[in-house]
Amino acid sequence: MKRTVVFNWKMNPANLKEAEKIFNSYVKSSAGDDFIVAPPFVFIKPLFDLIKQHHYKNVRIASQDVSFEEDGLLTGEISAKMLKSLGVSHVIVGHSERRYKLGESNEQVAKKMEVCQKNKLTPILCVGERERVGLDEAKEFVIGQLKNNLSGFAGNSLVVAYEPVWSIGGGKSANPDRANQVVLAIKQLLAKKKGFKSEVLYGGSVDCDNLDDFVKYSSVDGFLVGSAGLDSEKIKEIFKKI
Ligand code: PGA
């Protein structure tokens, strides 16, 4: 079974030449399989130019964020309409780095979900507990976050990425069985919300070395990959294993 894979570049790489190099390694390693890449805003248009030039059909572009306002006077913000006009299909919403390093609130996240819905962009909503806590506590936290962030969402397509915050960027992925239990709890909640298609991904130090352990669980629909997605050797392995 081929899973969804989203590569989150965060604030990388430093220039367009590098961005094109990484992107080309995805195209090569994917051998036509679908993937989603979330580059920094400034690389979105040049990557679309490459996609059009080469008629790539298996690539979709996500943005790493969107403004919670539809338009108006907000220096530095990027609106959903702007993203839509470029051809962006997905938006990462509520990534923990935005929530905890940049102070994004649950209310802002919920508004961003609504903005995505109005503009027919599929949100990739990131949720996850901050500290290593017991399984029940982790589930409770994540379900609470989801209920809050989805309170005004009535879109027809949603991706949720379960990313325990402590596992991000540090090489310490969550225990796969435990992650699967949280994924199942998320799916149980989403099943009650009718009328939209959803997928649940795992993210947090996903790498070619631990991917097999997660792939065993059929409920995990795919992966949100950060650091490993910037390394061309790892990229090859990741595409082989998903
Ligand atoms: P990581 O990042 O794979 O480097 O842990 C994942 C993410 O932040 O989405």
Practice task
For ASP65, state whether it is of a type in the set (D, E, K, R) and within 27 Å of ILE168 (Cβ to Cβ).
Solution key: yes
Practice task
Test each condition in (1) among the polar types (S, T, N, Q); (2) touching a Gly at 6+ places or on another chain (Cβ under 7 Å); (3) farther than 19 Å from HIS95 by Cβ for ASN8 and report the one that comes out false.
Solution key: (3)
Exercise for the section: Would you mention how many residues in region 223-232 are surrounded by fewer than 16 Cβ atoms within 10 Å (Cβ to Cβ) and either within 9 Å of the ligand (Cβ to nearest atom) or touching a residue at least 24 places away in the same chain (Cβ under 8 Å) (or both)? Expected result: 1
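Might you let me know whether region 221-241 holds any residue that is under 19 Å from the mean Cα position of the chain (by Cα) and within 16 Å of LYS139 (Cα to Cα)? Show your work before the answer.
To start, the set of residues in region 221-241 that are under 19 Å from the mean Cα position of the chain (by Cα) comprises 221-231, 234-235, 238-239, 241.
Then drop every residue that is not within 16 Å of LYS139 (Cα to Cα), which leaves none.
Checked against the condition, which is being under 19 Å from the mean Cα position of the chain (by Cα) and within 16 Å of LYS139 (Cα to Cα), region 221-241 yields no hits at all.
Kindly evaluate TYR26 against the criterion of being under 20 Å from THR122 (Cβ atoms), touching a residue at least 60 places away in the same chain (Cβ under 8 Å) and out of contact with any Asp or Glu (no Cβ under 6 Å at 6 or more places or on another chain). Steps first, answer last, please.
Values: under 20 Å from THR122 (Cβ atoms): yes; touching a residue at least 60 places away in the same chain (Cβ under 8 Å): yes; out of contact with any Asp or Glu (no Cβ under 6 Å at 6 or more places or on another chain): yes.
When the stated conditions are applied, TYR26 passes them.
Just for region 48-64: of the residues that are touching a helix residue (DSSP H, G or I) at 6+ places or on another chain (Cβ under 8 Å) and farther than 27 Å from CYS126 by Cα, which one is surrounded by the fewest Cβ atoms within 10 Å (Cβ to Cβ)? Explain how you work it out, then say what you get.
Residues of region 48-64 touching a helix residue (DSSP H, G or I) at 6+ places or on another chain (Cβ under 8 Å): 48, 50, 54, 56, 58-59, 61, 63-64.
Right, trim to farther than 27 Å from CYS126 by Cα and you get 50, 54, 56.
On the way: LEU50: 15, HIS54: 11, TYR56: 16.
That would be HIS54.
Bear in mind these aren't lab numbers, they're just calculated from the coordinates by the rules spelled out. On a predicted model such as this, the values are computed, not experimentally measured, just so you know. Positions of Cβ are backbone-derived with ideal geometry, glycine not excepted, and every protein chain shown enters the neighbour counts.
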